[in-house]
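The values are calculated or read from the model by the stated rules, or taken from the named source; none is laboratory data. A quick note: this is a predicted structure, and the numbers were derived from the prediction, not measured. Every residue, glycine as well, gets a Cβ built from its backbone with ideal geometry; the counts of neighbours run over all protein chains shown.
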Amino acid sequence: MSEYTSDVVVLGGGSGGYAAAIRATELGKSVVLIEKDTVGGTCLHRGCIPTKALLHAAEVADHVRSAASVGVSATFAGIDPAAVTSYREGIVAKKFKGLEGLLKARGITVVAGTGRLLPDRGVAVGDDVYRGTDVILATGSYSRSLPGLEIGGRVITSEGALALDVVPERVVILGGGVIGVEFASVWRSFGAEVTIVEALDHLVPNEDVALSKALERAYRKRGIVAKLGVRFAGITQTDAGVQVSLEDGTTIDADYLLVAVGRGPATADLGFEEAGVALERGFVTVDERLQTTVPHVWAVGDIVPGLQLAHRGFAQGIFAAEQLAGLDPVPVPEASIPRITYSSPEVASVGLTEAQARGIHGDGVAVYEYNLAGNGKSEILGTAGIVKVVRAAEGPILGVHLIGDRVGELITEGQLAVAWEAYPEDLAPLIHAHPTQSEALGEVFLALAGKPLHAL
C-alpha cells in the first residue's frame, strides 16, 4: 500500500468536483482528483451535453418539416440514429478532451478508480491512500427507479435511452419532470408516439403553474399525451415491447418504458458514514458553508440537498475551494439559481413561483404575464409562450418565469434581477435591442413599473 498527500483531495470529477479542483489549484493548492469513470461526470457524458445535442437534432428535424412555412423547399427524409449518435458523441469527445487538457495544464493529479472515504481525511483507491488537508466530496447522483420496478430489457433510464440505436415507434415515459419532458420532446420530434405518466397534477411540477399549463398545451398540440394525476401500477414486458398498467385501470402498450422519476445521491458504500459524515436520506448534511459534520471535509453538487443542476454543482465547487483556501465567498441562495428545461418549447425560471411568493408575502405580491404573441422576434421564430414576473408589491422582483423556444438564453437577465433584488422601476429605463425576445422581459418590467407600452 502506498500513501500520498496533497493539500486537497477531491472525490468525484463531475461538474462540482473538477470546478473545485481547478479553483483550488488557482489558489495555490496541490490537488488530487479521483474519478471512477471519466472526468466530466454525468453532465458531460450521460446528461446535459449529450441530451442537449439530441434536442438540437430534434429541433433541426422540426425545422425541416416546417421549412415550407417560411418559403424554403426542403424534404424531411427521416432520422438516422447512427448519424445522430455520431454527432452527439463527437461533441462529448471534444469537450472531454478539452477538459482533460485543462486539468493537465493546471497540474492536477487525476487518479482513475473508485474512492472510499477514510477517517482522518483519507481516500482509499485500491491499495493506495490519498490524504488531504481538506477533502471535497463530489460523487454525484444516479437514476432512481420505483420500488419493485427493475431496470432492464425494455425498461430503461436516461442512460439507456441515450444508448438506443433506434427511434422507438411508441414510448411511455414515467415522470413528467425535466428529464421526462426533454426525452418526450426529442422522441416526438423524431416521429415517435409518446405518452408521459406523471403522478402529480402537472408536467414540470416544480415550476410556476402558469408554465406547467403552457407546456401541457404545447405538448397536446404536438401530439404528446400526458396522463396527469395518475400513478404507475405495474409493467409486463416481452422481447417485443412493454405494457404499462396505471392505477386508474388503463394500460399502455409501447416499445420502451423510460423511467424518469428523478436522481438520487451517489453516497452509498463510499465510507461516508463510517468516516463520521452525517447523511439524511442519502444526502450529505452540510452547513451554509458546505462543510460536512467532519471538519475539513466538504460536499458539493448533487449529493447536497437542493437543486440537482450541473451549474449549481459547478458554483458550489468554486465556493468550497475558496472557503478551504481561507477566502470568504458569498453563498449563492437556491432561489438565485436559474433552471432550464430544454424541451420544445423551453421552460426557464429563477426565483420564487407565484404560489411560493404568496405563501411568504400573502397579498403583497404583484404579477404580470406577457404573451410572446406580442414579441416580433418570437413571431419570426414561430414560437408561442409567456413571460411571467413576480414582484413584491412596491418591492423587488422575486421570480422570473418564461416558456417559449430559446427562452433559456434569457434567464440570466432574470437571475440578475432576482439576485440583485432589483425593482421593475430600476429596470424599466434599460433598453432591450429590437427585435429580440429579450424585449418581452422589458415589456413586463415596464408594465410592473406602471408604464406598459405594448401591453395592456
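Residues in region 333-349 that are in a helix (DSSP H, G or I) and either in contact (Cβ under 8 Å) with a residue 60 or more places away in the chain or over 23 Å from the mean Cα position of the chain (by Cα) (or both): Ala335, Ser336. Being surrounded by fewer than 23 Cβ atoms within 10 Å (Cβ to Cβ) and among the acidic types (Asp, Glu) is the filter here, so list the residues in region 183-199 that pass it. Correct list: Glu193 only. For region 375-405, give me each residue that is surrounded by fewer than 16 Cβ atoms within 10 Å (Cβ to Cβ), part of a helix (DSSP H, G or I) and in contact (Cβ under 8 Å) with a residue 12 or more places away in the chain. Of everything in region 375-405, those that are surrounded by fewer than 16 Cβ atoms within 10 Å (Cβ to Cβ), part of a helix (DSSP H, G or I) and in contact (Cβ under 8 Å) with a residue 12 or more places away in the chain turn out to be Gly376, Ile380, Leu381.
Exactly one residue out of Ala74, Ala83, Ala19 is buried (at least 17 other Cβ atoms within 10 Å of the Cβ) and of a type in the set (A, V, I, L, M, F, W, C): that is Ala19.
The condition of being out of contact with any Pro (no Cβ under 8 Å at 6 or more places or on another chain), acidic (Asp, Glu), under 30 Å from Lys36 (Cα atoms) and at pLDDT 95 or above holds for only one of Glu182, Glu247, that being Glu182.
Just for region 412-451: of the residues that are free of Cβ contacts under 8 Å to residues at least 40 places away in the same chain and closer than 15 Å to Leu372 by Cβ, which one is surrounded by the fewest Cβ atoms within 10 Å (Cβ to Cβ)? Per the stated criteria, the residue is His432.
Residues in region 111-128 that are at positive phi and either small (Gly, Ala, Ser) or assigned to a strand (DSSP E or B) (or both): Gly113, Gly126. Has region 205-222 got at least one residue that is in contact with a helix residue (DSSP H, G or I) (Cβ under 6 Å, 6 or more places away or on another chain), in a strand (DSSP E or B), surrounded by 15 or more Cβ atoms within 10 Å (Cβ to Cβ) and at pLDDT 95 or above? No. Scanning region 279-294 for any residue that is of a type outside the set (A, V, I, L, M, F, W, C), assigned by TED's automatic domain parsing to the domain that holds Thr51, within 30 Å of Ala163 (Cβ to Cβ) and crowded, with 16+ Cβ neighbours inside 10 Å turns up nothing. Residue pairs whose Cβ atoms lie under 6 Å apart, sitting 6 or more positions apart in sequence or on different chains, and linking a residue in region 206-218 that is without any contact (Cβ under 8 Å) to a residue 12 or more places away in the chain to a partner that is outside any helix (DSSP H, G or I), are Ser212/His202; Ser212/Leu203; Ser212/Val204. Consider region 312-342 and keep the residues that are over 30 Å from Val390 (Cβ atoms) and acidic (Asp, Glu). The one that is surrounded by the most Cβ atoms within 10 Å (Cβ to Cβ) is Glu322. Note on region 275-332: residues that are assigned to a helix (DSSP H, G or I) and either among the aromatic types (Phe, Trp, Tyr) or in contact with a strand residue (DSSP E or B) (Cβ under 6 Å, 6 or more places away or on another chain) (or both) amount to 6. Just one of the listed residues (Leu257, Leu270, Leu228) is farther than 21 Å from Leu162 by Cβ, out of contact with any Lys or Arg (no Cβ under 6 Å at 6 or more places or on another chain) and not assigned by TED's automatic domain parsing to the domain that holds Ser349, namely Leu228.
Residues are listed down the side, and each one gets a yes or a no for (1) touching a Gly at 6+ places or on another chain (Cβ under 9 Å); (2) under 30 Å from Leu55 (Cβ atoms):
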{"position": "Thr250", "(1), (2)": "no, yes"}
{"position": "Ala266", "(1), (2)": "yes, yes"}
{"position": "Gln291", "(1), (2)": "no, no"}
{"position": "Asp302", "(1), (2)": "yes, yes"}
{"position": "Leu307", "(1), (2)": "no, yes"}
{"position": "Gly317", "(1), (2)": "yes, yes"}
{"position": "Glu322", "(1), (2)": "no, no"}
{"position": "Leu327", "(1), (2)": "no, no"}
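Please indicate, with yes or no, whether at least one residue in region 136-148 is assigned by TED's automatic domain parsing to the domain that holds Cys43, out of contact with any strand residue (DSSP E or B) (no Cβ under 8 Å at 6 or more places or on another chain) and surrounded by fewer than 20 Cβ atoms within 10 Å (Cβ to Cβ). No - not one qualifying residue is present in region 136-148.
For beta carbons closer than 6 Å, sequence separation of 6+ or different chains, a first residue in region 267-296 that is within 18 Å of Pro329 (Cα to Cα) and a second that is among the β-branched types (Val, Ile, Thr) and not in a loop (DSSP other than H, G, I, E, B), the qualifying pairs are Thr292/Val284. When region 50-74 is examined, which residues are found to be among the small types (Gly, Ala, Ser) and part of a helix (DSSP H, G or I)? Those that are among the small types (Gly, Ala, Ser) and part of a helix (DSSP H, G or I): Ala53, Ala57, Ala58, Ala61, Ala67, Ala68, Ser69. Taken over region 35-50, the criterion of being farther than 22 Å from Val135 by Cβ and free of Cβ contacts under 8 Å to residues at least 60 places away in the same chain is satisfied by Leu44, His45, Ile49.
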